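Asker: Handing you a structure now.
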Amino acid sequence: MRAFVLAVSAAVPIAQACAQPNANDDGQWTMPAHDYASTRFSRLDQINRDNVGRLKLSFTFSTGIVKGHEAAPLVVGSTMYIVTPYPNYIYALDLSQDGAPLKWKYDPKVAAAAQGVACCDVVNRGAFYSNGKLFFNTLDNQTIAVDAATGAEVWRTKLDDINKGATMTMAPLVADGKVLVGSSGGEMGVRGWLAALDEGSGKIAWRAYSTGPDKDVLIGPSFKPFYATDRGTDLGVKTWPPEAWKIGGGNVWGWISYDPDLKLVYYGTGNPGPWNPDQRPGDNKWTTGIFARDVTTGQARWYYQFSPHDLFDHDGINEQILITMKINGKPRKVLLRAERNGFFYVMDRVTGQVIAADPYGNLNAALGVDLKTGRLIPNPDKETKQGKVVRGICPASPGMKDWNPMAFSPRTGLVYIPHLNLCMDYGAMEANYIAGTPYVGADVKMYAGPGGNRGVFTAWDPGARKARWEIKEDLPLWSGALVTAGDVVFYGTMDGWFKALDAVSGKLLWQFKAGSGIIGQPISYRAPDGKQHIAVLAGVGGWAGAVVAGGLDPRDPTAALGFAAATQDLPGKTTGGGMLYDFVLP
């Protein structure tokens, strides 16, 4: 099978990525992405390319839960906070004491029935610290604020119903006094939304739906999308069959970035439901796209659709990194996205214009992106139809990259992308909607893409529009990335290796074997001892690791919505776990 892309225009370099202004790093890690720009870049440089090979364990902590651990730990002052998968405990560890003993534990008492409607493991992607409180989501659709010093509950707000198939797995983002949260459940016919809660009280300030009439989507006079196909009245209804938008997906379970100067939040929307595209003719607004919204009112400023009439479950929920680049000699505010559809996007974050869109891996599901219209150009040979099995589609349903976040270094100008090399066979069939049950309509089988490796770690130059180097990994990569001012980049593998690479050359500098596969988000922080530490949670699971975390039969290629076929050998390479590992130089 040959992967190919027909370029719409030559990949002419657009700029050198500009370094962000110098700033001191206070040593804390208060949000999963480290900053509102979602760089996951630590300015600490005590650990560097020359000495990272001497990293040693500082301490470990067991969560006692054997499910997928996708969260980033947080560090505020002398305390580390960990949010677990269901039942969503918070642990506070005292970093000022040897071995970081437990200070307190918070148990939110999550409804056990929520486990039954979580499509892809009972994961949680972390908490957010602001003004003395921790904010996090529970699997049964509650956003909770707790006192960071004591663990006492401050408020909780219920936002959706597990009986409809809704869950919440994302990490909140707190900006301008608002706690921004969204829902999961695209495989259950749940109608997606993003809500803003008052930081002090938990009361809902606004909620913007991803489908439906303009009044529900919070589209008004300030909405000025760059491309003509996104302009019109009530497109969230008109681009769907009658009433289909009510169970149309577009869930917001990924990442949010924030530009405090523009007062805009940026986030992506998930796949339309069901997966069978014949049941939902039209572009299916406003799914598989990105919104820019006013943080105060929720009013949409612009929108762009990465995958109109999504054929493959290519959710648009991935993170966006906010930087400034010089384009045609002038600084321009842009956002960077390694999208699930296989293209790396450079977009103007003020207007929503696509400046560049280039493939960053093996891709044949689309032929390119038309930069004049902004439209993805489908490959007619790979279009899925009801009653037909289409083989050799690349990338597979998890996309070229799933939820696991990339990192950007202003020192190197490179984006570090942990991603996938998977293809699939896809058979669409009729899906029937019953509230709280799967609403999919597809039989999928995934497998390794060209070359046989299932994972790739790529250093991408957004200015030159090409990869500088890449590392091929046997298993799919499902962990986040971290890059530091010491020019070291960290990530984990599903068989439990935690790796440190030279951020310039990609050379392996250090690795540590954890007790379970790593799908968490590594962090860098300064401990009370004045030393820089690196920490990560290990505990295989998530969609990619469901064959282990869920105890599925690896002989069933359709298990885990087809992912089990790509990871049949995972039970022989790792076991379940739930352990924090913390590292420091001796």
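Asker: Can you give me the accessible area per residue for segment 109-263, using a 1.4 Å probe, in Å²? Write out the running numbers ahead of the final one.
Answerer: Working: 5230 Å² over 155 residues.
Heavy-atom accessible area per residue stands at 34 Å².
Asker: Okay, next question. With the contact rule set at Cα under 8 Å and sequence spacing of 6 or more, what percent relative contact order holds for segment 209-343?
Answerer: Details: 316 pairs, mean separation 32.0, N = 135.
This gives 24 percent for segment 209-343.
Asker: Rounded to whole Hz and in sequence order, give me ³J(HN,Hα) for segment 87-97 from the Karplus expression 6.51 cos²θ - 1.76 cosθ + 1.60, θ = phi - 60°, writing x for Gly and Pro.
Answerer: Values per residue, Gly and Pro as x: x, 6, 5, 10, 10, 10, 10, 8, 6, 7, 10 Hz.
Asker: Moving to a separate point now. Note down the net charge around Val83, summing +1 for each Lys or Arg and -1 for each Asp or Glu among other residues with Cβ under 13 Å from its Cβ. Could the numbers behind the result be given before it?
Answerer: Numbers: positive: Lys67, Lys105, Arg125; negative: Glu70, Asp107.
Surrounding charge for Val83 is +1.
Asker: For Cα extents along the principal axes in Å, the listed values are (1) 61, 53, 48; (2) 83, 54, 50; (3) 103, 52, 44; which was obtained by calculation from the structure presented?
Answerer: Computed from these coordinates, Cα extents along the principal axes in Å corresponds to label (1).
Asker: Next up: Roughly how far apart, in whole Å, are the Cα centres of segment 178-206 and segment 543-576?
Answerer: 31
Asker: Considering only protein heavy atoms, what per residue accessible area in square angstrom results for segment 403-530 with a 1.4 angstrom probe?
Answerer: 28
Asker: Greater than 19 Å separation of Cα atoms is the criterion. Which listed pairs, Lys67/Lys103; Lys67/Lys178; Lys472/Lys499; Lys109/Lys178; Lys109/Lys203; Lys203/Lys263, meet it? All intermediate terms of the calculation are to be shown ahead of the outcome.
Answerer: Working: Lys67/Lys103 23 Å; Lys67/Lys178 30 Å; Lys472/Lys499 13 Å; Lys109/Lys178 24 Å; Lys109/Lys203 21 Å; Lys203/Lys263 21 Å.
Long pairs (Cα-Cα over 19 Å): Lys67/Lys103; Lys67/Lys178; Lys109/Lys178; Lys109/Lys203; Lys203/Lys263.
Asker: Find the relative contact order for the chain and round it to a whole percent, using C-alpha pairs within less than 8 Å whose residues are 6+ positions apart.
Answerer: Values: 1847 pairs, mean separation 100.6, N = 586.
Normalised by residue count, the contact order of the chain is 17 percent.
Asker: Taking +1 at the Cβ of each Lys and Arg and -1 at the Cβ of each Asp and Glu, which of Ser210, Ala300, Pro108 sits farthest along the dipole of the chain towards its positive end, judged by Cα position relative to the Cα centre?
Answerer: Of the candidates, Ala300 comes out farthest on the positive side.
Asker: Still on this structure, I have one more. On the protein heavy atoms, probe 1.4 angstrom, tell me the percent of accessible surface of the chain carried by carbon and sulfur. Each step should come with its number before you reach the end.
Answerer: On the way: 9540 of 18860 Å².
The C+S portion of the solvent-accessible surface of the chain is 51 percent.
Asker: Next question, about the same structure. Let me know the charge dipole size of segment 292-375 about its Cα centre in debye, to the nearest 20, where only the beta-carbon of Lys, Arg (+1) and Asp, Glu (-1) is charged. All intermediate terms of the calculation are to be shown ahead of the outcome.
Answerer: Values: 11 positive and 9 negative charges, 106 e Å.
That gives a dipole near 500 debye.
Asker: Magnitude of the Cβ-charge dipole of the chain, K/R +1 and D/E -1, about the Cα centre, nearest 20 debye?
Answerer: Numbers: 57 positive and 55 negative charges, 186 e Å.
In debye, rounded to 20, the chain gives about 900.
The values are calculated or read from the model by the stated rules, or taken from the named source; none is laboratory data. These numbers come from a predicted model, not from an experiment. In this analysis, Cβ positions are derived from the backbone assuming ideal geometry, glycine residues included, and neighbour counts consider all displayed protein chains. Calculation scope for accessible area: heavy atoms of the full protein, side chains included, ligands and nucleic acids excluded. Shrake-Rupley method; radii C 1.70, N 1.55, O 1.52, S 1.80 Å.
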